Amino acid sequence: MGTRKKVHAFVRVRPTDDFAHEMIRYGDDKRSIDIHLKKDSRRGVVNNQQTDWSFKLDGVLHDASQDLVYETVAKDVVSQALNGYNGTIMCYGQTGAGKTYTMTGATENYKHRGILPRALQQVFRMIEERPTHAITVRVSYLEIYNESLFDLLSTLPYVGPSVTPMTIVENPQGVFIKGLSVHLTSQEEDAFSLLFEGETNRIIASHTMSKNSSRSHCIFTIYLEAHSRTLSEEKYITSKINLVDLAGSERLGKSGSEGRVLKEATYINKSLSFLEQAIIALGDQKRDHIPFRQCKLTHALKDSLGGNCNMVLVTNIYGEAAQLEETLSSLRFASRMKLVTTEPAINEKYDAERMVKNLEKELALLKQELAIHDSLTNRTFVTYEPMDEIQIAEINSQVRRYLEGTLDEIDIINLRQIKEVFNQFRVVLSQQEQEVESTLRRKYTLIDRNDFAAISAIQKAGLVDVDGHLVGEPERQNFGLGVAPLSTKPGKKAKSKKTFKEPLRPDTPPSKPVAFEEFKNERGSEINRIFKENKSILNERRKRASETTQRINAIKREIDVTKEALDFQKSLREKQGEYENKGLMIIDEEEFLLILKLKDLKKQYRSEYQDLRDLRAEIQYCQHLVDQCRHRLLMEFDIWYNESFVIPEDMQMALKPGGSIRPGMVPVNRIVSLGEDDQDKFSQLQQRVLPEGPDSISFYNAKVKTEQKHNYLKTMMGLQQAHRK
């Protein structure tokens, strides 16, 4: 483990025209801040009110630019993360003091970006400077709102909302959030897009202290994994950087919060109070128990608070006299945080695949050394080479006879032979699987779905349904793979398709369970019928397989009983004395009948077992057909439901044949075409004349794409709301 070190605590003062110079003073070393209050004369002559406080910190940032803040606070933490050290940067303070500005910054202006986007940039810059390592970057964005966990990146189309609520889970590797999506990012622009996507989903509100007050705690995590490109290197390092933007503490009298905002403020103040209790306990060396589980915030940050990481606290304060009481509270929190110690250590892990390759190389060298040793000790007859074809063929024959029951056991010679026996078991199993497949092909006609010529031919023969689904051809007592409708069976006249009248659209869409039953009886009746029939065939095959299994078990029990009786007869014959005639052993009639019975039972066993294997193959294929039918039924229902109840009537014309919208999905070409020409021109203009330089291109591109996407979603929601009205 690493050496223990104290948490670094910095103070950033929000710029204001009404700065309290008489009450707030900074030390010459820019590492201390003094607070002075005048005594309240209303308390009388005897007044023990404290009027002076002095706080020693790691730095005071007054009138500091975003560049200076990042260089002072975060640069070393991010740099050490690439070396395998975990890091946490936390912004704390009262509401409106500038925590979100410090952490995220103003996303509209590249120069005013905060710690978080700068950390992403530094990570990708350092990756470019390390060509000897393959480094992967993943990110996640967690929000804690009213003591509930939310994934700010769940709105991405390939993520979607979680069915089960997220939970905080602990294991020997640390604390992680079960259900939180983690996203792989290969370039800087992708990481910025994820950041901006999460920012648009954050919950904010307005009150007298701040127009855009964060109403939740947010944790943006960067996960790093670095593998050496040297193939012989087994170790690799992992690390994570937690960037925490805490919601601000509020005095309800000053913020004027009411209703929902008041409830949010209550949860925020409660969680911050629990955070302070955990910090006080961590700073007390005599405390054994730390109350991490009192709230979701402290539980999620258990690894960061006094754990295996480099931790930095940025305390944001006001410089006005009216906010002096909250400023003192924030500075006390920073002082307590400086008493907390962490124990950073490099997170090293081992690559199992590379370890195996290295061990294989070492094994080859040891074999060579062993061969040299054998030659020096005249043990040249010992060979370490693989078996030849004749030896392998003999083992294969023994395995087959053993499986057939003609060989009771296989004699073990050495370790190499044992390995080859298992290998031949695998070979025989593979051959039997191929035999099962060939049996299926003899019984059923299997056609590749991409073979359009063959499909066209069987359509003419009436062997496919109206939707183009391949079906099997019933043969004797076996079953067909799918069921052909009456209209496609040879020798029967095609009936006219049943048409359904389009019902009038209701004002409010019905629930999906109710609509699903209606769909199965009308538009989806044909595929629902095929689904039920295939499922019925599947259940029948499962029943037959169960009956066959019971018969096999009964035969196996009878074989065991017969073997015991035969062994008893053999032992009885050996005790009474054996008789031979011309070199042949003479046995009595009872033992002879037992031998014949055992032979017949084994034959029945093998036959039943072969039937069971065939049934299992058929069940597997039937299950595949049922799953396909189920998937198509649900997919067709979603398309029908959206067309019938969700998509506005004025857009229905675009869904007709030849329209630009494909049924059941958003038109991709429409998304791309929204302001496409103007957007291309704007992007080209940015890359030519961006005043911040080429480093800002990824930042602006990600911002524009995120805004474009959300503008499109707002437009579609507006159309749907207008349709409902």
Could you go through the stretch 135-148 in sequence order and give the Karplus-derived ³J(HN,Hα) for each residue, using 6.51 cos²θ - 1.76 cosθ + 1.60 with θ = phi - 60°, rounded to whole Hz, and x for Gly and Pro? 10, 9, 10, 10, 9, 9, 9, 10, 10, 10, 10, 6, 6, 10
List the GluC sites (Glu not before Pro) within the stretch 234-343 that DSSP assigns to loop and that have no more than 12 neighbouring Cβ atoms inside 10 Å. Glu258
Packing rank of 183-189, 284-290, 149-155, 402-408, where each peptide gets the mean count of other beta carbons within 10 Å, highest leading: 149-155, 183-189, 402-408, 284-290
P(r) of the stretch 273-389 over all Cα-Cα pairs, binned every 5 Å from zero, in whole percent: 2, 9, 12, 12, 10, 7, 6, 4, 4, 4, 5, 5, 6, 6, 4, 2, 2, 1, 1, 0
Along the Cα→Cβ direction, 7 angstrom out, place labels at Ala322 and His289. What is the inter-label distance in nm? 4.4 nm
Qualifying GluC sites (Glu not before Pro) in the stretch 76-150, DSSP loop, other Cβ atoms within 10 Å at most 15: Glu108, Glu129, Glu147
Residue by residue, what Karplus-based ³J(HN,Hα) values in Hz, rounded to whole numbers, does the stretch 608-616 have, using 6.51, -1.76 and 1.60 with θ = phi - 60° and x for Gly and Pro? 5, 5, 5, 4, 5, 5, 4, 5, 5
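His631 to Ala364: extension gain in nm, 0.36 nm per residue of separation minus the Cα-Cα distance? Numbers along the way, then the final one.
Working: separation 267, 0.36 × 267 = 96.12 nm, distance 5.09 nm.
Full extension from His631 to Ala364 adds 91.0 nm.
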Amide proton proximity set for Val314, modelled H, under 5 Å, gap of 5+: Phe10, Met90, Cys91, Tyr92
In whole Hz, with x marking every Gly and Pro, tabulate ³J(HN,Hα) for the stretch 313-327 from phi via Karplus 6.51 cos²θ - 1.76 cosθ + 1.60, θ = phi - 60°. 10, 10, 9, 9, 10, 8, x, 9, 5, 5, 9, 5, 5, 5, 4
Between Asp695 and Leu156, Cβ-based FRET efficiency (R0 25 Å, step 0.05) works out to 0.45
Determine, from the Cβ-Cβ distance of His710 and Ser397 and an R0 of 60 Å, the FRET efficiency 1/(1 + (r/R0)^6), rounded to the nearest 0.05. 0.30
Any chance you could run the full-extension gain for Glu409 through His373? It's 0.36 nm times the residue separation minus the Cα-Cα distance, nm to one decimal. 9.4 nm
Search the structure for amide H atoms under 5 Å from the amide H of Leu61, placed 1.01 Å from N in the peptide plane, and list their residues when 5 or more places away or on another chain. Val11, Arg12, Val13
Carbon and sulfur atoms account, in whole percent of the 1.4 Å probe accessible area of the stretch 85-201, for 55 percent
Can you pull out the GluC sites (Glu not before Pro) in the stretch 535-634 that DSSP calls coil and that have at most 15 other Cβ atoms within 10 Å? Glu578
Computed E for Lys357/Arg426 - FRET, C-beta separation, R0 22 angstrom, nearest 0.05: 0.45
Built amide H within the under 5 Å cut-off of His133, gap 5+: Arg229
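The values are calculated or read from the model by the stated rules, or taken from the named source; none is laboratory data. Just so it is clear, the structure is predicted and the values come from calculations on it, not from any experiment. As a convention, Cβ positions derive from the backbone with ideal geometry for all residues, glycine included, and neighbour counts pool all protein chains shown. The accessibility values were calculated without ligands, DNA or RNA, using every heavy atom of the protein model including side chains. Shrake-Rupley method; radii C 1.70, N 1.55, O 1.52, S 1.80 Å.
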